[in-house]
Amino acid sequence: MTDPLPPVPPPPALPAETAISTPAAVDPKGAGAARSRPAGAAASPEKAALGWTHTARFVTTAARLDQVPVSELPEIAFVGRSNAGKSTAINTLAQQKRLAFASRTPGRTQHINVFALGPKDEPDAWFADLPGYGYAAVERSAKLRWQEVMAEYLAVRRNLSGVVLMVDSRLGLTDLDRQLLEWIRARVASGEVRLLVLLTKADKLNRRDAQKVLTATQEALGDLSSTSADIGVTLFSALSRQGLGDVAVALREWVHPTPPTA
């Protein structure tokens, strides 16, 4: 049986001046798909976004939250079940084969791995690859330790700007995924932390099943909606590269928001 994720107290309220993210309008249904590029539109936003994610490079690895360097840079965390394809998705976004360690054995990511993005001498954001959760073959004591580190990170990491939740599209949101969403509910609802759910391995689904899981996930995320929340959900495949450009554009927009038009 899969052990439940440990309970975590609600994150402390942050003073207004320490908030990192700028709230964005939420989709009327509470969860919108990542924006697709209209037919015939210029490819420059996607190209720029993929160029930005390609700059990702390793910074450090940490077994405890106090080992992660303090930073004022906006940080985007990648979370998900151990077999949801998290590391593979990160490698695909960065267009690098071995940036994040992708093993055939789920549960191998046992630390918080941090990557910098942007110019080499002046990075503008961090990616954080958090330990996968829910893999039954991992020793229970180690599993709980990783999950506690992850829970603490999501609750108190002050420069956390966004969370990318990887969900196997063939399974949809599991109980463990829903528990994780509870950890960040307050921060998402306030607009302090953005949320993007990637329904991974979408190439394994036919069109009907893909639309079904997309709709079901949008509905499930609806109760996280608020006037300040920025929530998205999209189909993603590292193999076929489905959704790759749209996701890169969305993540870069979190860090470099487009100025509003007059």
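Since every read-out is calculated from the coordinates, none of them should be taken as a lab result. Given the structure is predicted, the values throughout are model-derived calculations rather than measurements. Backbone-built Cβ (ideal geometry, glycine too); neighbour counts: all protein chains shown.
Annotations
- Label zone at Ser71, where the point sits 7 Å out along the Cα-to-Cβ direction: region 172-203 residues whose backbone N lies under 20 Å: 192-196
- The ranking of Val247, Val164 from fewest to most other beta carbons within 10 Å of each one's beta carbon is Val247, Val164.
- Footprinting exposure proxy for Phe236, Phe127 (fewest neighbouring C-beta atoms within 10 Å first): Phe127, Phe236
- Taking the fewest neighbouring Cβ atoms within 10 Å as the starting point, the ordered list for Asp203, Asp177 is Asp203, Asp177.
- Spin-label pair Arg140/Thr258, simplified geometry with 7 Å Cα→Cβ offset, distance in nm: 5.1
- With q set to 0.14 Å⁻¹, the log10 of I(q)/I(0) for region 173-248, from the Debye formula over equal scatterers at the Cα positions, is -0.48.
- Distance (nanometres) between label positions extended 7 Å along Cα→Cβ at Gln95 and Lys47: 1.1
- For region 172-262, trypsin sites (Lys or Arg not before Pro) meeting the loop criterion (DSSP other than H, G, I, E, B) and having at most 13 other Cβ atoms within 10 Å: Arg241.
- Lys, Arg +1 and Asp, Glu -1 on Cβ, resulting dipole of region 153-262 about Cα centre, debye, nearest 20: 240
- Inter-label distance for Arg178 and Asp223, nm, one decimal - labels placed 7 Å from Cα along Cα-to-Cβ: 0.7
- Sparse-neighbourhood loop sites, GluC sites (Glu not before Pro) in region 46-87 - DSSP loop, at most 16 other Cβ within 10 angstrom: Glu72
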